[in-house]
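Notes for the one structure printed next.
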Amino acid sequence: MSIVLAGHGLVKKYGSATALSSVDVEVGERDSLAIMGPSGSGKSTLLHILAGIVRPDGGQVLLRGERIDTLGENRLSALRRKRFGFVFQFGQLLPELPAEENVALPLMLEGTPRGRAVEQARRWFAPLGLDGLEKRRPGQLSGGQAQRVAIARALVVEPDVVFADEPTGALDQTTSTEVVRLLTSVTRDQGAALVMVTHDAEVAAHCDRVLQVRDGRISNHSQYTAA
Ligand SMILES: Nc1ncnc2c1ncn2[C@@H]1O[C@H](COP(=O)(O)OP(=O)(O)OP(=O)(O)O)[C@@H](O)[C@H]1O
Ligand SMILES: [Mg+2]
């Protein structure tokens, strides 16, 4: 399996506190990795470093073999927009825009004209079970529908990696199962890898592998057989 994203010897300190100490992680083509662990263990810090949002104090982050942690801020933010997609717990959709324009936004930021961007955005509605909801504003969507719109927005740029931090954290169990199923399957179909932080073992079990983080270190690295 070819490695899409790797972190080697990652260290992050906040003042005298060490949030991550010497973490190694590799994510393969179409691989999905769940990051679990107690609150404050360093899960979000690890995700943010891999995604080029936070810079490590030690170690390296490589995207298809190229170091990204040393890129300047402009190149790094362009790389994040083009090659990564993001799904967060909530509050990521712009309330005044219809769902299809929320999905189209990353394309428009890259210079695609609005009409073409919206047309491309609409293609993601059927695979995510969102047919007919294109014109709804986020306030007119259920929590699960809003998260599926956020997934469409993460995928519309056809990224190399989708990063999700507690994407089902605000959903009930039935809805979160539905959302994580779609997140893992549609991401894989698109050809992207997935790195997801979750507290929920049932959600994590939809990923190929689970990484346990404890006190800023990897405590366990398990393989799930595909369900
Ligand atoms: N910007 C920051 N400044 C100072 N300390 C921080 C900062 N971000 C995170 N930390 C600290 O680093 C440690 C790891 O935080 P992190 O957010 O990665 O935990 P987490 O595993 O995602 O927790 P949770 O499950 O609660 O989201 C914690 O002790 C946290 O207080
Ligand atoms: Mg967190």
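Overview of results
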item: Ordering of 69-76, 44-51 by packing [mean C-beta count within 10 Å, highest first]; result: 44-51, 69-76
item: Distant-in-sequence amide H partners of Arg214 (H built 1.01 Å from N, under 5 Å); result: Ser219
item: Given charges at beta-carbon only (K, R positive; D, E negative), |dipole| of the chain in Debye; result: 420 debye
item: Ordering of 199-207, 125-133 by burial proxy (mean other Cβ atoms within 10 Å per residue, highest first); result: 199-207, 125-133
item: Additional length obtainable on full extension of the chain from Asp24 to Arg181, 0.36 nm per residue less Cα span; result: 53.8 nm
item: Relative contact order of the range 10-72, defined on C-alpha pairs under 8 angstrom at six or more residues apart (%); result: 32 percent
item: Taking only Cα atoms of the chain, radius of gyration then Dmax in Å; result: 17.1, 52
item: Burial ranking of peptide ranges 81-90, 59-68, 163-172 (average Cβ count within 10 Å, highest at the top); result: 163-172, 81-90, 59-68
item: Beta bridges per DSSP with both ends in the chain, % antiparallel, nearest 5; result: 55 percent
item: In nm, spacing of pseudo-spin labels at Arg55 and Ser2 (7 Å Cα→C-beta vector); result: 3.0 nm
item: The chain, helix-only ellipticity at 222 nm - DSSP H runs n ≥ 4, -39,500 (n - 2.57), divided by all residues, nearest 500; result: -9500 deg cm²/dmol
item: Loop trypsin sites (Lys or Arg not before Pro), the range 86-161, which have at most 10 other Cβ atoms in a 10 Å radius of their Cβ (DSSP); result: Lys135
item: Cα centroid separation, the range 172-217 to the range 100-158 (Å); result: 21 Å
item: Residue-level accessible surface for Ser2, protein heavy atoms, 1.4 Å, Å²; result: 60 Å²
item: Under the Karplus curve 6.51 cos²θ - 1.76 cosθ + 1.60, θ = phi - 60°, whole-Hz ³J(HN,Hα) for the range 45-53, x wherever Gly or Pro sits; result: 4, 4, 4, 5, 5, 4, 8, x, 8
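The values are calculated or read from the model by the stated rules, or taken from the named source; none is laboratory data. Here the structure is a predicted model, which means the values were calculated and not measured. So basically every Cβ, Gly included, is an ideal-geometry build from the backbone, and we count neighbours across all protein chains shown. SASA here: full protein model, heavy atoms, side chains in, ligands and nucleic acids out. Shrake-Rupley method; radii C 1.70, N 1.55, O 1.52, S 1.80 Å.
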